[in-house]
1. For region A:395-470, what is the convex hull volume of its Cα atoms per residue in Å³?
2. Skipping prolines and chain starts, which residues have an amide H placed within reach, meaning under 5 Å, of the one on C:H187, given they are 5 or more residues away or on another chain?
3. Please compute P(r) over all alpha-carbon pairs of region B:424-541, binned at 5 Å starting from zero, and give each bin as a whole-number percent.
4. Could you name the lysines whose alpha carbon sits less than 26 Å from that of B:K292, not counting residues in the same chain fewer than 8 places away?
5. Excluding A:G463 itself, calculate the net charge of residues whose Cβ lies under 15 Å from the Cβ of A:G463, where each Lys or Arg counts +1 and each Asp or Glu counts -1.
6. Taking just the alpha-carbon atoms of region B:49-100, what radius of gyration and Dmax come out, in angstrom?
7. Using per-residue counts of other Cβ atoms within 10 Å, averaged over each peptide, order A:79-91, B:293-305 from highest down.
8. Which one, C:I135, A:Y586, C:V176, projects farthest toward the positive side of the charge dipole computed for the protein assembly as shown from Cβ point charges (K/R +1, D/E -1)?
Amino acid sequence: MSTTEATIHHAEHGHHEPGLIAKYVFSTDHKMIGLQFLLTTMFMLLVGGALALAVRWQLAFPWESMPLAGRLFAGQGGQISPEFYTMLFTMHATVMIFLVIIPILAGAFGNFLIPLMIGADDMAFPKLNMLSYWFMWPAILCFSLSFFAGGEFMNSAPAAGWTSYPILSAIMDAAPGSGHAQTFWLLGLTFVGVSSMMGSVNYLTTIINMRAPGMTLFRMPMTIWAMFITAILQAFALPVLTAAGFMLLFDRGLPGGLQTCFFIPADLVINNSSPTVGGGQPLLWQHLFWFYSHPAVYIMLLPAMGMVSDMLSAMSRKPLFGYKPMVYSMAAIAGLGFIVWGHHMFTSGMNPALGMTFMTSTVMIALPSAIKTFNWIGTMWGGKLQFNTVLLNSAGFVSMFVVGGLSGIFMAAVPVDIYIHDTYFIVAHFHYVLFGSTLFGVFGAIHFWFPKMFGRLMNDTVGKWHFALTFIGFNGTFFPMHLLGVAGMPRRYADPYLHPYLEHLLPMNQFITACAILMGFAQLLLIGNFLYSSKFGKKVGRNPWNANGIEWIAPSPPGHGNFDIPPVCYRGPYEYSSPLVEGRDYLMQNEYLGDVKHTAEKSSESTASHDT
Amino acid sequence: MSLRHTQLICILLAAPFVAGCGEQPNAAFVWSERTLSLMPEAQRGFRAEKIPGVRKWVDDNFGTPTDLLAWQRLPVNWGGFEGVVVEKPTDAPVVMIKVSFSEDVPATGETELTWLSGKAAGTAITILGFDSESSRISAELSGELPEVGDTFVLDLGHQLKQGRMVYAEHCVHCHGTSGDGDGPTAKYLNPRPRDYRLGRFKYKSTIDAARPTRDDLNRIIKHGVPGTYMPSFLLLGESETRAAVEYVRWLSMRGEFERRLSAELAGEYSTKAYKNKLRGDTTREEILAELKQVLTEDMVGIVDSSSKEIAAAWEESHDGVSGTVTSFPEEAKADESAPSGPRSFEVELDGTPREGAHQLIHVLDGKLKSRKLKVISRDAEANKLSVDFGKVGGLSDGDRFRFDPSRAIREGLIPVAPRVADSAESRDIGRKLFMSKEVKCVNCHGASGRGNGPQTHDFAKNSNDDNKLFPEPGLHDVWGNTVQPRDLTSGIYRGGRRPIDIYRRIRGGITASQMPPHGENILTDEQVWHVINYVLSIPLESK
Amino acid sequence: MFWAVVAVVLCLVAPSMNWWFPGNNAEAASTLGTRIDDLFYLILVIVTVTFVGTQIALGYVLWKGADNRDEKAHFTHGSHSLEVIWTIVPSGILLFIALYQMDVWAEYRVISKFPADAVAQPVADVTARQFEWRIRYPAPGRKFKSQADIRKWLRVPEAGDLHYPNELCVPTTRNVLFYLRSGDVQHAFFSPELRVKQDAVPGKVIPVWFNATKRGEYTLLCAELCGWGHYKMKARILAVPENEYRQYLLNLQKELADDGFDEDAPESDE
């Protein structure tokens, strides 16, 4: 295989440079597609962040005119009206989950890193890859259109939460945003699903078929393992969501006045319309939705875990602690991830016996997560840490993941969840996991692989400032939310202070909002650093971090076809500080050390994991 | 990354911030369509000559949401604490004035004080604060100091301001800032939220077009209108609810006032009429001169009469002033068996009852609780009341009573016979009446009470639009919205489910919608109760 | 690490700042609520120890690693026994947590474990709708003969039923059960002080039980997004002794029977 591929590869190399549009827009090059994903998602991150700040504004200064953006709102006098508030948090979650976190991990880094890290010249299906990016845009278009669907700017977006529970989302009249906006939202969701599906099929094929010679499964970097498992999760879970989405669309009405009733029971009177006919079950949606959306949480987390494993190892100049347990625990998370969805529905009135089983499986999913955490700490233990932005963000990831994981145990315990469910405790929890963990991982990854993308380094001082401000802002924002949750403040309340027992929480919410604003503006540092460094950053060579992965052999930025010569893999990616080489603390995957040393190293590797 | 990309992204990033900058919008009252249909000069007046237009007349008397005005002519409980100066104030740069109030007044910071009597009567000052413990007001006074005995109102209009706060928090997004029932959320709601500007309310204890009483509004806020998006605000708190009621009344008066002024000008000076006139041989100058004359000469009279009529209409629907007996003559108590006849006694009233409207008092507690007694005369100066006790003895000191709210507005809405006990026979009689040709319930509510009677399929005439037929079949209310006759099988009663609520709906009809009043000539009291017993039983049998 | 210290300190001062469970002195007002709190505190202790431990470990390795003067980092690929230890220990703790919770959950939700007195005589039928709670009590003195009788009552309203919005009155002296349903979209019955939460799922009638141990006025609100007015579903649960509870129902009965004729019952609240 390797020889034939090599010839093809060389033949391609002589090709002329593609034109501007082919290069930047309709590119089939995985690196360009990765960058497209990265830029799109970073822009969406700002959009989602702005929506979040609007939410925070309302919670800190209820019903007061909003500065700057107030004029855009349909509410009177720059006020955020209650239905607009529901739209804000719905769209915040939608944008952040479907347009930022999932695509930035799988789309941006998956695309950019997979071929480079496994030593392939591109994805298995480059055109499909391009399509997967361009299917994001119909989704973005649908989500944007949903803001206008009522014919009035920004007052008709979907308002049923990102979970879109029926009946609220199933009946056009049920809420201000349940009209065409909800239809657009569901279509957008489908497009995102199609995009993810194309990506995951591509990743699976690429990872299975196109690894460099010598790259056995257990020599793959954790990032690749994570992307592999994520792709499997997506491939299995997404069809369920897509099907559920179509069922909901049918429930909402088909052309010709036809209508199904998968989720709509009989005799509901909504907005004074005639009673509904049907025999559906709203809980069915919750089951289907969470059957996708709980694995989706791991889709949103595993790639970051993988990348952080790689970064921590490189920055500690130390092999990854317990490589195989790490892989197995990741697989365990993915496996268990499919049987824990019910923990989102403990109070939903489903059969209580399910509550017990889901509680057990949910509590047990904390185990592989714990193993991973211990291994990360083990990786850093005794390391020679490079104290830069990458390490800080990776360590931040571990720290925040611990908080997010531990707070999850409260909710896994059903009786406690009776109280905690749908309060700010949940909000705190999933932001610790999705923002605290995933985004810190992503920030680290951006800094780490930036030299590979542009051949330049990002400014480390700005990077550290960005980390410090984000870290402080983040914890200032989300840690107090645990307390809000314990104090019983429910989610999705436009004005919690209506209820006397929550009145005293206003100052805390104002503090949170101040921190959120700080955190929001800190992201401008990242964007600025990114854009500036891409043009004016310090130029570096192929391997600025002295890392081991195959991607660091390629030129920075890699040309079309990635590698000068097809790489051959001799060992795992974590041989830092190996005693086999003198004078340097890294040993790249493709370095051939001669027969003797090579075998010696191999045997040490095979025994290493059983070392006591 | 090309430079062009970078620039493009920067512009995209900056766009929302640029778009968001600029003038900050303030909450403002929304003008009615009719006002906006007037020619600009009629709306705004002539600034150069200082001739006010409709909008200025309204604004000058009502203010803006952030700066409300208390137009004393209107029957609104503005709120404010009346007090009196009890000690000669100390002379210092900051004057401390010892005062006393008739009620507990919480300590305040900077607020407004209006002098009612004394040298400065009629003027308002801003005080630095009121300390409730020492009962002293601190203020910086430049002119003469107030004398002992001068009276004043502290924080005039605070109830209205509180009402606005409550309204802004709970009501505005449906009912709109000016009470036009067109807040941002309104367009999603069915039925549409009430438009207060007509002064018409559906669920109340008063006849036909009479305004609702405060109690009526209070009840709606507390219990909501079941089956609509008007929820129950039971837990709002007494003072908040009261303030909201006051604000709604005030908004309604403002709306009516604006309507009337605009209506006066709409015929001649709407943009449409203006264009028509121009098409004739009238010049713009002539029209403007004419308008100026109307605005300067006629407008004052129109403002005066409109406001008085509006005030009278709302005043009519008051709940009656309550009071306490302070001193009841001894000798009358001695002989309780003898006919007591007219007696005169001293009272303390919580307000001023209107002249000529207090023929009856309701006794609220004590021995004669729930009796109605006829008032012979009232001596306002001596706070004495002369009442005919007939044969029932007398009152005691401390008894509470209430002047009967004007009976005119409740004519026919107070049952003269108690409810007929609910029984199968009664329901049967009720059902027959329900079906009968005389009472005609079935025409709208349908034979099974589902609200699908024959009239709901007919096309109705639109009285707002030259009696043209409405485009869609069904019944319409005065706001032009389709109304669905109540589905009596649902067990949901918008105006409340107490027998008296349904009694009022049947007797008084539902003003502004198509439910007609049924007077004594159609149904006797007893028959009404039979119908009610039947109606209340429909949901129990339908399933 | 600095951050761990701040977090723990914050948690410690939180109760004194009233940033803790709602209710009098942060105590639950129902027996199940107290047990839920106990479980919460148990998890809190376990989690805090883990949290502080891992953060200190993390801080320590960062501190040491940043100051590592060795030429090369320590070369190891892992430790089998360590892996075994940190697999077995947490799994034991986690299983313990999971099993320890089962009882409370069963009592809260499994109908066969509901208190029999509460099941026999439900106190109310609560309907959540946009955006209020509509409470229906059985007529005072109405005794349910059987579960079939209760089901019939749930299906068909009765003439003597008492209807009232946004206020659920319950006796403190016994366990109470009510039936929860939704008139339109999904809602959730949430009383923070009583630690009761149950979704009102359209098309379902769900029994919920609790007991209020102390007399008081408890918050009732909606905890599942139900539209723009989600935050507005403000109601209360009045928990009073049995005799007052009876009196409450009688008063309500009287008020609801108001025919405007008897001046004894003033038609206004003033």
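Bear in mind these aren't lab numbers, they're just calculated from the coordinates by the rules spelled out. Everything quoted here is computed from the prediction, not taken from an experiment. Cβ: placed from backbone, ideal geometry, glycine included. Neighbour counts: every protein chain shown.
1. 82
2. It is C:A200, by chain and number.
3. Percent of Cα pairs in each bin: 2, 11, 21, 25, 19, 11, 7, 3, 1, 0.
4. B:K292 reaches B:K50, B:K56, B:K272, B:K275, B:K277, B:K308.
5. +2
6. Values for region B:49-100 (Cα only, Rg and Dmax): 18.0, 48 Å.
7. Ranked by mean Cβ neighbours within 10 Å, highest first: A:79-91, B:293-305.
8. The residue sitting most towards the positive pole is A:Y586.
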